[in-house]
Every structure is written in C-alpha cells, then in structure tokens.
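*Asks:* Have a look at this one.
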Amino acid sequence: LKPFSQARRSFLSSRVCVPNIIIARLYCRRVLPRGTMTPAPATTATTAPTPIEAWYMTETVTDQTAENRCVPNEPADSQALFDLGVLQFHVPVVDKYPQKAVPWEPSGIQDPALKKIRESRGYNYADIITCSEECLPDYSNKLKAFFQEHIHSDEEVRYILGGSGYFDVRDRNDRWIRIRLHAGDLIVLPEGIYHRFTMDEKNFTHAMRLFKGVPVWTAINRPADDHQSRQKFITNFSSLEEEQRLRTDIADCLRSFYTFGWCLGSSGAMSAKVGGAEDAPMLVTPSGVPKEKLSPDDLFLISASGEQLKIPTNEKVTKVSDSADIFEALYKRFPKVRAVSHIHSVNAVLAAGQEEGNILRVRDIEMIKGLGIPGDQVLEIPIVENQPTEPMLVAPILEALDKLPNAPAILVRNHGVYVWGSSLDKAKIATECLAFVLDVVRQQRAAVPSAKRPRTACSGAKVVLLDVEGTTTPITFVKDKLFPYAAAAVGNWVKTAKKPDVAAVVAAYEAQCKQDGRSFAGADDVEAVTKEWIAADRKVGALKELQGRLWRAGYESGELKGAMYDDTPKAMERWVLDGRRVAIFSSGSREAQELIYRYSDKGDLTDYLSAYFDPASAQAPKQQASAYVQIALSLGIAPRDGHFCTDVLGEAQAAKEAGWEATLLLRPGNAPLPENHGFRTATSLLDVAL
C-alpha cells in the first residue's frame with residue numbers, strides 16, 4: 001500500500017495542489033483480493049486504513065446484505081473501478097458527528113482534509129443521515145428501494161462516518177461489482193452510472209452526503225439508457241479502447257518530441273479528445289513530469305465541463321497541465337479539432353521574438369502542406385504576447401484567432417507554440433512540419449544580409465504609397481467581382497440592415513443627389529441609384545461608403561477574397577524589412593481598403609500597412625497635387641521622402657507636382673500609357689526602384 005500516492009492526486013478536480021500537512025491525513029484506497037493481509041482500521045491520522053475491497057457478484061442475489069461473491073472469488077482490481085470513473089478516498093473520521101443533520105454545517109467540527117475535498121470538488125451542500133432499523137422509518141422497504149438499480153443526474157458522494165455498507169456498480173459488460181465501505185471511506189460515483197446501495201449484515205451506516213448546488217436525490221430507475229445523464233456517462237467513459245490507445249500514443253509522441261529538444265525539463269503538453277462527440281472528454285498531460293518519463297497512466301481525463309473524471313495513480317503526478325484551459329478553449333473554437341500539442345522549441349521562440357508584427361507569414365516552403373496549407377498559398381500563424389500563466393493566454397489566443405480563423409497554430413512570444421489537428425496523428429504531423437518550417441525561417445533570417453534586416457533608417461523613400469486597382473490588385477477584380485457583388489447585395493441590405501445604418505446611407509445619397517440636381521425617393525430609391533452609380537463608375541463618397549458596408553459582409557462571410565498579385569505581399573514584406581512604411585491611397589473608402597488587404601487571397605496583409613487614405617481623408621481627389629501634400633503631412637514626412645505607385649498617369653503627375661517620386665505599373669488589363677510620359681515603369685512591385 002502506498003499511503004500518499006493517490007492521496008495527493010485524489011482531490012485535484014479543481015487543479016489544486018494539496019499542502020503536505022493535509023496530505024498526511026489522507027489515504028486513497030487500493031483494491032485487494034479477499035484473504036489478503038490488511039492493516040488494522042485507522043485510529044489516528046498516521047495509521048494506514050483498511051484497504052478497500054471490491055469483487056464481482058453472483059448473478060442471483062437472495063440476501064442483498066450478504067457478500068454475494070462468485071465461487072471462486074473474482075476480485076475487482078483498482079483499474080476496473082478507475083476505468084468506470086469511480087473515485088475513492090480515505091479521510092479518517094476526526095470527531096463525533098451528529099446522528100442526523102439536514103443540512104449539516106461544520107460549526108463545531110473542523111476537518112481541514114474534508115474541507116479541502118469539498119472546496120476542490122465544489123461540494124457546497126452536506127447532510128448527515130443514519131441508516132438502521134432504529135433510525136430509519138419503514139426500514140425494510142427503504143432498504144429494498146436503495147437496492148433498486150438506478151442512476152442520478154449528478155455525482156453520488158458518500159462519506160462513511162460509522163458502520164459499513166456496500167455500493168454496487170455495473171461494469172462495461174453489465175456485471176455487478178460490489179464495493180465494501182467502512183468508516184473513513186469517501187466514494188464518488190459519476191453521474192449516470194448504474195448502481196445501487198445496501199447495508200451489510202451489521203445493518204448500520206452513519207454517512208455524510210455531499211452535493212454540488214441544490215441537492216436532488218431523485219433516483220432514475222433502470223431502464224434509463226436514453227436519459228441525458230446516462231448518455232453523458234457513456235460519452236465520458238465508453239471509449240475505453242480508444243482512450244488507452246491515445247494514452248499510449250500521447251506518451252510516445254512526447255517522448256519523441258523530447259528527443260528533438262522541444263519538451264526539455266518538464267515543459268510541453270498534449271491533449272486529445274476521446275470519442276467522436278463534440279462534448280467528448282479530453283486526455284491532458286500532467287504538469288511537472290519530464291516528458292521522457294511520461295507514462296500513459298499519468299494523463300488526466302477531463303470532461304467537456306471541466307470535471308476531472310480520471311486522475312493519475314502516480315504519486316509524483318500532482319497537477320494537470322496549465323495548458324488544459326487553452327486546450328479546452330481550442331476544442332470549443334474548432335469542433336473538428338481532436339488533438340492539440342504544445343512545445344517549447346528554440347525555433348518557435350526565435351520565430352515569434354524576431355517577428356515585429358503579430359503574424360508570422362511563410363510562403364514557398366513545401367512543408368507548409370503538412371499544416372493543411374496549399375503549397376502556393378501563405379502559412380499565417382498569429383503571435384500573442386506571453387502571460388504570467390497559461391490560463392491568462394486564453395483570451396488573447398481567441399482574439400487572435402478571430403482575425404485568423406483558419407490558422408493551424410499559434411505562437412506565444414518568448415514561450416512556444418500550440419499546434420492542432422483533426423486527429424492525434426495529424427496534430428503530431430503538423431507539429432513536426434511546423435518545427436521544420438520554423439527551422440528554415442531561422443536559417444533564412446540568419447542568411448539575410450544586414451542591409452535587409454529591419455532598421456530605423458533606410459536610404460531612398462521612407463514611405464511607399466500604393467494605389468489598389470491595377471497596382472496591388474488586378475483591375476478586373478474591382479469591376480468584375482466587387483462592383484457586381486455590391487449591386488446584387490444592396491437590395492437585401494436596405495431591407496435587413498439596422499435603421500440607423502439605412503438612415504445614414506439615405507442622408508448621404510440625398511445630399512449627393514441634390515448636388516447632382518436629380519430627384520431621390522429615399523430608402524426605396526437606394527438600390528436603383530446604387531446600381532446606376534456603379535454602372536457609371538461614379539467615385540462619390542456616398543457610394544463608396546455603402547459599398548464598404550456591403551463588401552465587409554461579403555469578406556466576413558467568406559464570399560469575397562481580395563485578389564492580390566503574387567508580388568504584392570513579397571514587395572510589402574521587403575519594404576518593411578528595409579525599414580520603410582507602406583500606405584494605401586485609393587478612391588475606395590478606407591474601410592474598403594482595409595477589408596481587401598485583411599481578407600486577401602494571400603492572407604492578412606494589414607500588418608504591413610501603416611495607413612489608409614481616400615479622397616476624403618486626403619482632402620482632395622487623387623489627381624490633385626494637394627492630396628499628396630496632405631498625405632505627406634499626415635505621415636510626417638517631406639514629399640521627397642515618399643514614393644507613389646499607381647497605374648494612372650494623372651495620379652502620378654499630381655504626386656510628382658507635390659514633390660513625390662512616382663512609378664507607373666504596367667499590369668495586364670491596365671489602360672495603355674502615352675509615349676514619353678516621363679515616369680519610370682515596372683511590371684512588378686518588386687522591380688520598383690526606391
């Protein structure tokens with residue numbers, strides 16, 4: 001008998017470590033076969049208790065108070081009860097409790113060990129009852145009722161204060177296991193398990209009943225297979241074979257990660273869902289256990305509601321990983337995710353630490369396919385700042401994933417990385433592939449000449465100002481995708497949008513129509529006027545504002561993706577690495593600009609952009625020099641320190657007049673330029689000379 005091994009882990013259901021001064025009074029029971037030599041009953045806090053005994057029962061029961069053992073005896077070992085979620089504690093009774101108290105409050109009796117269990121498991125209600133022929137009216141019928149097979153809609157918890165009795169539970173093969181309880185034994189039966197209770201030949205049990213919240217003692221007699229509590233029990237405990245396989249695979253996986261240097265010390269963690277249900281329980285690794293020494297039995301099984309269903313038997317395992325809260329949050333955010341790994345690799349720390357923005361972008365590396373990213377796309381991994389504890393990371397992680405909902409991983413600066421997959425195998429593969437990618441990123445950065453590394457000063461332009469259509473984005477995207485989408489969506493928007501939003505649009509349209517000298521019939525006329533202005537390619541602010549609203553809905557729903565030339569993100573990244581700022585100037589609203597780059601087909605590019613300008617914020621149209629004077633003032637630069645890229649000659653001329661440098665982009669579909677226009681040209685942003 002190891003007196004402290006399970007005592008430490010036995011009330012960690014709230015992830016609380018138990019002070020040794022309290023542990024010294026607790027013992028978790030081990031099942032022994034009949035006839036095994038056992039210590040004497042506990043009389044003091046340091047005396048080992050009588051080990052608990054359990055056995056399989058005979059099919060036929062003539063006297064429920066008898067032992068009803070099979071012949072020969074079939075002991076039920078501790079693993080059998082562990083697999084069913086039955087928790088057992090031994091808390092020596094330290095004082096004289098009342099015979100009956102409903103409810104009971106510990107006014108004169110102070111038992112810190114019992115108090116710790118109650119607090120850690122949330123048992124805020126307790127009462128005390130005595131079952132005997134003298135104390136229980138209608139004793140015979142009550143005893144028969146107790147022995148009726150049933151379930152409860154909550155845990156059933158009994159702390160035996162005196163006497164003895166039996167709890168019977170059904171195993172996975174529907175066989176009865178009888179558990180003998182003596183004074184000091186505390187047993188927790190999980191919600192939804194088929195069970196029954198009876199007295200033994202002594203006909204005396206003095207017990208405390210513990211409960212979470214308002215007590216509900218109603219028994220739900222069998223058959224109750226369709227009851228939600230029974231279904232919850234099946235969800236939590238029925239996938240034993242899968243659970244055992246996952247336990248082994250997780251331990252093997254983390255031992256492998258340790259050999260790569262990703263889980264040194266006792267760092268790193270892993271979790272996997274057991275079963276296919278969305279509310280299936282999860283296995284979670286412990287805290288403080290070296291991963292090269294991790295055993296399959298060291299893992300915790302935690303329900304979707306956060307209850308610890310199974311607790312490790314290893315006496316060195318005292319606490320579940322602090323990453324459990326993050327695992328739980330990721331499973332709720334991504335229902336298809338079934339496993340998550342967490343590693344502390346050097347390359348993960350370097351990659352996040354060297355990235356100035358909040359997103360690591362990787363392209364043109366074959367191994368990104370292992371994270372579910374097509375080879376011609378961009379891997380985007382959000383980066384969050386580290387926090388004092390892992391639970392404090394949950395909110396920033398979820399906020400970052402709101403912006404990048406398709407991310408396959410998340411980096412924590414100066415800490416490590418979390419990686420997930422639709423199975424444990426896929427999470428392992430994704431982790432290994434990401435580790436390879438991060439190693440490549442580190443080596444690529446180390447090979448970049450010093451002139452290409454971020455710095456506070458750079459030669460040439462300090463700001464690159466970009467047009468959208470025909471410059472960063474194919475000119476056909478706006479005319480063939482955005483404009484038709486807005487024309488098709490405006491009618492439904494007018495009918496379903498909030499009244500203040502519609503009123504604002506109506507007011508803007510009315511003012512523009514008055515300026516144009518045409519009639520306007522209010523909200524009923526918005527759809528027709530919008531389509532008319534779109535067809536005429538009007539650049540008026542009222543239209544641009546409404547288009548921004550319509551396009552936002554399309555981008556956020558995934559119906560729209562901002563089309564970018566392949567060189568656009570590469571050029572932006574290069575300029576930012578060179579210490580330059582990148583800004584946008586377009587006739588579209590600033591909201592529309594932000595949307596097209598946030599939801600681009602090359603990923604979220606907004607981290608590269610420091611400002612957005614439209615004619616309203618520039619206080620002039622794009623072909624007036626004063627617009628570029630105002631933009632220079634807003635950016636805090638002299639016009640000579642800015643470089644404007646556009647496909648429109650009149651815009652380049654206006655920028656030059658204001659003192660800016662300018663380059664004309666020659667893209668497919670752009671309007672032809674006259675000869676001898678006097679500006680440098682480029683077919684790619686990567687070729688723009690700054």
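The values are calculated or read from the model by the stated rules, or taken from the named source; none is laboratory data. Just so it is clear, the model here is predicted, and its values are computed rather than measured. Methodologically, a virtual Cβ is constructed for each residue, glycine included, from the backbone with ideal geometry; neighbour enumeration extends over all protein chains shown. Accessible surface is based on the protein model in full, side chains and every heavy atom, while ligands, DNA and RNA are left aside. Shrake-Rupley method; radii C 1.70, N 1.55, O 1.52, S 1.80 Å.
*Asks:* Given R₀ = 56 Å, FRET efficiency for LYS499-GLN653 by Cβ-Cβ distance, to 0.05?
*Replies:* For R0 = 56 Å, the calculated efficiency reads 0.80.
*Asks:* Looking at ALA348, ILE326, ALA395, which one has the Cα that reaches farthest to the positive end of the dipole of the stretch 324-458 (charges on Cβ: Lys, Arg +1; Asp, Glu -1)?
*Replies:* Comparing the listed Cα positions along the dipole, ALA348 ranks first.
*Asks:* Using the Cα centre of the chain as origin and beta-carbon charges of +1 (Lys, Arg) and -1 (Asp, Glu), tell me which of GLY163, ASN492, ALA76 is placed farthest towards the positive end of the dipole.
*Replies:* GLY163
*Asks:* Can you grab the distance from the C-alpha centre of the stretch 337-371 to the C-alpha centre of the stretch 50-102, Å, no decimals?
*Replies:* Cα centroid to Cα centroid, the span is 51 Å.
*Asks:* What shape does the stretch 475-539 have by the C-alpha gyration tensor, where a ≥ b ≥ c are the square roots of the eigenvalues, rounded means a/c under 1.5, and otherwise prolate means a/b greater than b/c and oblate the rest?
*Replies:* Oblate shape, in that a/c is at least 1.5 and b/c is the bigger or equal ratio.
*Asks:* Could you state the number of Å between the C-alpha centres of the stretch 554-592 and the stretch 495-526?
*Replies:* 30
*Asks:* What dipole magnitude, in Debye to the nearest 20, does the chain give about its Cα centre under +1 on Lys/Arg Cβ and -1 on Asp/Glu Cβ?
*Replies:* 1140
*Asks:* Follow-up question, since we're still on this one. I'd like the GluC sites (Glu not before Pro) in the stretch 532-567 restricted to DSSP loop residues with at most 16 other Cβ atoms within 10 Å, sorted by number.
*Replies:* Passing both the DSSP loop test and the Cβ count: GLU559.
*Asks:* Moving on to the next point. What number, rounded to the nearest 500 deg cm²/dmol, is the helix-based mean residue ellipticity at 222 nm of the chain, given -39500 (n - 2.57) per DSSP H run of at least four residues and division by all its residues?
*Replies:* Mean residue ellipticity, 222 nm, calculated: -9500 deg cm²/dmol.
*Asks:* How large a share of the accessible area of the chain, in percent, is made up of carbon and sulfur atoms when the probe is 1.4 Å and the other protein chains stay in place?
*Replies:* 52
*Asks:* May I pose another question? Among the lysines, select those whose C-alpha is under 21 Å from the C-alpha of LYS602, and discard any that sit fewer than 8 residues away in the same chain.
*Replies:* LYS369, LYS403, LYS479, LYS481, LYS561, LYS570
*Asks:* State the Cα centre-to-centre distance between the stretch 667-688 and the stretch 254-271 in whole Å.
*Replies:* 54
*Asks:* Loop-only check: which trypsin sites (Lys or Arg not before Pro) in the stretch 271-342 are DSSP coil with at most 10 other Cβ within 10 angstrom? Spell out each step's value before the answer.
*Replies:* On the way: sites: LYS273, LYS291, LYS293, LYS310, LYS316, LYS319, LYS332, ARG333, LYS336, ARG338; in loops: LYS316, LYS319, LYS336, ARG338.
Hits after loop and neighbour filter: LYS336.
*Asks:* Just one of [x] -0.66, -0.86; [y] -0.80, -0.94; [z] -0.57, -0.98 is log10 I(q)/I(0) by the Debye sum over Cα atoms at q = 0.07, 0.09 Å⁻¹ as worked out from the coordinates here. Which one is it?
*Replies:* The calculated read-out lines up with [x].
*Asks:* OK, next. With r as the distance between the Cβ atoms of ILE109 and GLU134 and R0 = 25 Å, compute the FRET efficiency 1/(1 + (r/R0)^6) and round to 0.05.
*Replies:* 0.60
*Asks:* So, one more: Count the net charge of all other residues whose Cβ sits under 9 Å from the Cβ of ASP168, scoring Lys and Arg as +1 and Asp and Glu as -1.
*Replies:* Around ASP168, the charge tally is +2.
*Asks:* Taking the Cβ of GLU390 as the centre, find all other residues whose Cβ is under 9 Å away and add up their charges (Lys, Arg: +1; Asp, Glu: -1).
*Replies:* Numbers: positive: none; negative: ASP322, ASP325.
Around GLU390, the charge tally is -2.
*Asks:* Gain in length, SER295 to LYS336, computed as 0.36 nm per residue apart minus the alpha-carbon separation, to one decimal in nm?
*Replies:* 12.1 nm is the gain from fully extending SER295 to LYS336.
*Asks:* At HIS227 and ALA671, where each label point lies 7 Å from the Cα along Cα→Cβ, what is the point-to-point distance in nanometres?
*Replies:* 7.7
*Asks:* Which of the GluC sites (Glu not before Pro) found in the stretch 92-173 are loop residues per DSSP with 12 or fewer other Cβ atoms within 10 Å of their Cβ?
*Replies:* GLU133, GLU134
*Asks:* Let me ask you something else. Antiparallel DSSP bridges in the chain: what percent, to the nearest 5?
*Replies:* About 75 percent, rounded to the nearest 5.
*Asks:* What residues have an amide H closer than 5 Å to that of ALA662, excluding those fewer than 5 places away on the same chain, when H is modeled at 1.01 Å from N in the peptide plane?
*Replies:* Amide H neighbours of ALA662: PHE644.
*Asks:* At 1.4 Å probe size, with no ligands or nucleic acids counted, give the accessible surface of MET392 in Å², nearest ten.
*Replies:* MET392 has an accessible surface of roughly 100 Å² with all protein chains in place.
*Asks:* Classify the stretch 166-217 as rounded, prolate or oblate from the Cα gyration tensor: take a ≥ b ≥ c as the square roots of its eigenvalues, call it rounded if a/c is under 1.5, otherwise prolate when a/b beats b/c and oblate if not.
*Replies:* Here the stretch 166-217 falls in the oblate category.
*Asks:* Under 5 Å between amide hydrogens, which residues at least 5 positions from ILE584 or on another chain qualify, with H placed 1.01 Å from N in the peptide plane?
*Replies:* Sorted by chain and number, the residues that satisfy this are LEU466, ALA611, TYR612, PHE613.
*Asks:* Here's another thing I want to ask about it. Which one of ALA126, SER267, HIS195 is farthest out on the positive end of the charge dipole of the stretch 117-270, using unit charges on Cβ (Lys, Arg +1; Asp, Glu -1) and the Cα centre as origin?
*Replies:* Ranked along the dipole, the leading option is SER267.
*Asks:* Quick one: accessible area per residue over the chain, 1.4 Å probe, rounded to a whole number of Å²?
*Replies:* Heavy-atom accessible area per residue stands at 44 Å².
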